[in-house]
Each structure stands twice: as C-alpha cells, then as structure tokens.
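Read the structure below first, then the notes.
The values are calculated or read from the model by the stated rules, or taken from the named source; none is laboratory data. These figures come from a predicted structure and were not determined experimentally. Reconstructed Cβ throughout: ideal geometry from the backbone, glycine too, with neighbour counts over all protein chains shown. Quick note on the areas: whole protein, heavy atoms, side chains included, nothing else; ligands and nucleic acids left out. Shrake-Rupley method; radii C 1.70, N 1.55, O 1.52, S 1.80 Å.
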Amino acid sequence: MAQFRQQLANLTSSGGSHRDLAEKYRAILDSILTFGEDELVEGLKAFIEAIVNENVSLVISRQLLSEVGSTLVQLEDSVSKAVSHFTLEVVQPRVISFEDQVGAIRQHLADIYEREQNWCQAAKVLVGIPLETGQKQYSVDYKLETYLKIARLYLEDEDPVQGEAYINRAAQLQTQTKNDDLQIIYKVCQGRVLDYKRKFIEAASRYNELSYKTAIHDSERITALKNATICTILAAAGQQRSRMLATLYKDERCQQLSCFNILEKMYLDRLIKRTELTEFETLLQAHQKALTADGSTILEHAVIEHNLLAASKLYNNITFEGLGALLEIAPNKAERIASRMITEERMNGHIDQIDSVVHFETRQMLDTWDKQIQSLCFQVNSVIDKITTKEPEWLNKTMEAQMVS
C-alpha cells in the first residue's frame, strides 16, 4: 500500500499531458482493484484522496472520480458504502467542482441503504444533492425523480411530514414533465401522503385513478384499487364517501377483493357488526390502526358512523339506549356522534334530549332531482316548438345535418 501511496504522490507533483497522467492514474486504479476487501477500501481511499487534491487538474480529477463512481456500483455493498462515505467527506470542501460526481455517488449510496431497508438514511443521503443551490442546472425530470424518491423513502420510514414536504417540491415540477412514469409515481406518493394524513376520500380518489393506468402492471393496479377501497371504508360517512362507494361497487374488479363484502354492505346501507371486521383489520397498515380522540380506532369510528346512517334509513326515531345497543357503544357516545353528524350536515335529523330520542329525517333527493330534469325537458321542448313555428326550414336542415353526422 505504501508503494501505491508513493506513486500517487509522485504523479501529483509530476508534469505531463492530461492524457498521459490520466492513463497512469488508471493503471494504479486497476492495480488497487485486485486487492482483497480491507486493502481495497484503503487503496481506493488513498486513490480518491490523491485525485481530488488541488494540485491535480480538475479535468483529470472529474474524469477519474466519475470512473471511480462507476466502479463502486460493481463492488460489494460494504466496500462501496465505506468508500462512498469517505469520498463525500473528502470532496466536501470542493463540492461545487464535483457536482456531477457527488450526485452519482449519493444516488448509488442511497440505493445501498434502500437495499438494507434503511429508508431514513437513504433519504438523507439524497437530500445532500444540491438540486436548487448548486451551480449545475439539473433537468426537470432529474429533480422531479429525486424529490419523488426522497418522498417515497420518508413515507417508507413512516415520516409523512418530511414525505409531504418533498411531494410539495415535486408538485411544482410535475406539471412541467411529459414523463408518464414520473407522473404515476407522483400520484402514488400523493395518495400515500393523503392516506397518512387521514384524508381518506382524497387518497381513495388518487388510488382509484391509478387503478385505471394501463402503464402500470395488472397486479399493481389491483393493489391501487384495494387501497382505494380500504381508504373509502375508513373515510367519514357523508355524500363524498357515498359517491366513492358507488364508483367502487360498480367496478367489477372489486368483486375479487377480500374486502368486497364490507364495501357491499356499506354501499347497500346495511348494518355491519364488529365481529365482521376481523378479516378486514388484517389489511390495514400501521397508521390506519391509530386511535381517534374518543379512544376508538379509525375503522371502528368509520363503521359506527356508517351504522348510524344505515339506522337513519331504517328508523324514523330511536332512543339513545336503543341506538347505543344497535351501534354496540354506550348511549351517551351514540348521542354525541349523532349530534356531530347532524351538525356537520352529514345526516338529516334532530335530537330530543328531554325524551332522549334521535329523530331522523329523509330528504326525497331523487324525487327533487327527477322534477328538475322533467322541468328542464319541458323547457327544451317549449324552445323547439317556438323555433318550429318561426323557422321551420332552418330546424329541418339542422335536424338533417345532425342525423348525417
């Protein structure tokens, strides 16, 4: 090893053309790559320390450091990781001069940590790439891909706050790219962030959209559909969830999902017993099993609200005690949830606290809708009748043109 160090020192102070010096450095590098693991690490460290010396021309330094970066990809992860960390440390004082090389080494080092499932460390390594502050002008796709990778790694590490921060940076770039793969990754990450933040309906919408992307493998599309279904079931009861339930229930692909029975009962406004949730609970991720303010899980809370809505379709009124028994919770808790849903206009009704009774009200939404459509049709017919009276020839020509087209 001392011999190589001396050769490297001699080259640093020697003259000659860039081409000749580069060839001599390459010869030493080839010799070092024949060493065993321990000597290989020390040899590469000595080589890197020599080539980034200020006395070595930047043209040679950049070229050789790029070649070392390519070589690291082919080495054992343990060797590559140690040498990569050393390189980043040595180059740091002159990092602006080696932005391309440092970026490549950081990407490779992040891949190693990702293989080790050390998500947080992988993300931190990528954060060190100066995408906005460096002198190099990175392409939109490179910056977007890196931000999305950082966001994905933080989400794998169950850190949605940092994940969202990098999704927000990516949001400013995703409108500028034509790369479909990056657009899909962006939507996946966005869906996961919304999922973590318990914005389940928005997350379900993103997942459902992904389930139709033909660029994604069939198995991944089914996974996206499953995630959309789970998020919809966990969402707060109301019109938005009812619309998403209808969309998913009418999708024939959902019938092959293990959670279809719960989806079906929610769509058909059937009561769901706590014992029926056992299998569905196994599909939930850790953050989806969190407790709400009242001590119930997110799933229990969603099912209680669903059952309350279902009860409002079955009963005109019900006592607090009867409602509590139906929902399998305490009467005072049933009253509190019913009161909140009525206040938030997610359920129609009123509460009689003197008699301890909840009165449900049903709005004939479909009848109103039908009457509005009927009225519109009458108005259209009236307009056509007036045109027929005033301009019969123009109307006939227009109708014939429509028939031909």
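Give me the residue from region 252-284 that is in contact (Cβ under 8 Å) with a residue 40 or more places away in the chain and of a type outside the set (A, V, I, L, M, F, W, C) and, out of that set, surrounded by the fewest Cβ atoms within 10 Å (Cβ to Cβ).
Per the stated criteria, the residue is K273.
Considering only residues that are closer than 18 Å to R206 by Cβ and outside any loop (DSSP other than H, G, I, E, B), which ones fall in region 264-290?
H287, Q288
Looking at region 189-237 only, could you name the residues that are polar (S, T, N, Q), surrounded by fewer than 22 Cβ atoms within 10 Å (Cβ to Cβ) and under 20 Å from L268 (Cβ atoms)?
Correct list: N208 only.
Every residue in region 322-354 that is out of contact with any Phe, Trp or Tyr (no Cβ under 8 Å at 6 or more places or on another chain), surrounded by 14 or more Cβ atoms within 10 Å (Cβ to Cβ) and not in a helix (DSSP H, G or I), please.
E328, I329, R346, I351
Go through (1) modelled with pLDDT under 85; (2) part of a helix (DSSP H, G or I); (3) out of contact with any helix residue (DSSP H, G or I) (no Cβ under 6 Å at 6 or more places or on another chain) and name the single condition A27 misses.
(1)
Determine which single condition E49 fails, assuming it passes every other condition in (1) assigned to a helix (DSSP H, G or I); (2) under 20 Å from Q92 (Cβ atoms); (3) over 41 Å from the mean Cα position of the chain (by Cα).
All conditions pass for E49, except number (3).
Find the residue count for region 24-62, including only residues that are within 22 Å of I96 (Cβ to Cβ), open to solvent by less than 60 Å² (accessible area, probe 1.4 Å) and aliphatic (A, V, I, L, M).
Total satisfying the criteria: 7.
Can you find, within region 107-152, the residue that is modelled with the highest pLDDT among those that are basic (K, R) and open to solvent by less than 40 Å² (accessible area, probe 1.4 Å)?
Here the answer is K149.
For region 164-236, which fully contained helices (runs of 4 or more DSSP H) count at least 1 residues that are more than 17 Å from L148 (Cβ to Cβ) and acidic (D, E)?
Counting at least 1 such residues, we get 200-210, 218-234.
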